[in-house]
1. If you check Ala121 against the conditions, is it closer than 28 Å to Glu171 by Cα, in contact (Cβ under 8 Å) with a residue 12 or more places away in the chain, aliphatic (A, V, I, L, M) and surrounded by 15 or more Cβ atoms within 10 Å (Cβ to Cβ)?
2. Take the residues of segment 88-107 that are surrounded by fewer than 18 Cβ atoms within 10 Å (Cβ to Cβ) and in contact (Cβ under 8 Å) with a residue 24 or more places away in the chain: which is farthest from Ser120 (Cα to Cα)?
3. Could you tell me whether segment 65-72 includes any residue that is surrounded by 11 or more Cβ atoms within 10 Å (Cβ to Cβ), part of a loop (DSSP other than H, G, I, E, B) and modelled with pLDDT under 95?
Amino acid sequence: MPPNLALQSDSRAIVGALGALYMMWLQLNANVSHARAMTRSLGQLSEQTLQSASFNGDTKEWVFVFSGGVGLRVSAPWRIVAHGQIALGWQDDGHSFGLQMPIDATERLGALIHGRRIASASVSLSGDLAIDFGGDSTLEIFNASCGYEGWQLQGPGQRWTIAQGGGNVLESDHDG
């Protein structure tokens, strides 16, 4: 085959591969923006403040108590992202990571978000919960099981929101 024809054939193959990659990128990008658009707000957390957070050794859950009679029980992985960095994770309690003292997660949670007003709270399509404390700190909870409930939000009153295994999120009809 003459060199010109070989070069044309290679160019067509490269252009075809680039076109296929571009189409895949467009599909992935469309899925990402679709998933982001499929979040819903949890208005019962808006404007509330964190009053306390502790680990319940009996149930193996973290319990977050907010103002306004709202409580959150979490058995799924969670983390606090502050200023773009992971400031604390659900498994950090009691570990020293080369520090002089082991991390006290309850104390660190207090320092990071206690008393801070919640700007927004949203649930993703898969049941992940993000609670934004004014833009620089976010509590992220990952609904990590296909079978177990990841978290339960109760309040105000008899209102419940539950992240079931597999990503389904149920909300009660009671509102107070």
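The values are calculated or read from the model by the stated rules, or taken from the named source; none is laboratory data. These numbers come from a predicted model, not from an experiment. Here the Cβ is made from the backbone with ideal geometry for all residues, glycine too, and neighbour counts use every protein chain on show.
1. Working: closer than 28 Å to Glu171 by Cα: yes; in contact (Cβ under 8 Å) with a residue 12 or more places away in the chain: yes; aliphatic (A, V, I, L, M): yes; surrounded by 15 or more Cβ atoms within 10 Å (Cβ to Cβ): yes.
For Ala121, the condition - closer than 28 Å to Glu171 by Cα, in contact (Cβ under 8 Å) with a residue 12 or more places away in the chain, aliphatic (A, V, I, L, M) and surrounded by 15 or more Cβ atoms within 10 Å (Cβ to Cβ) - is met.
2. Asp93
3. no
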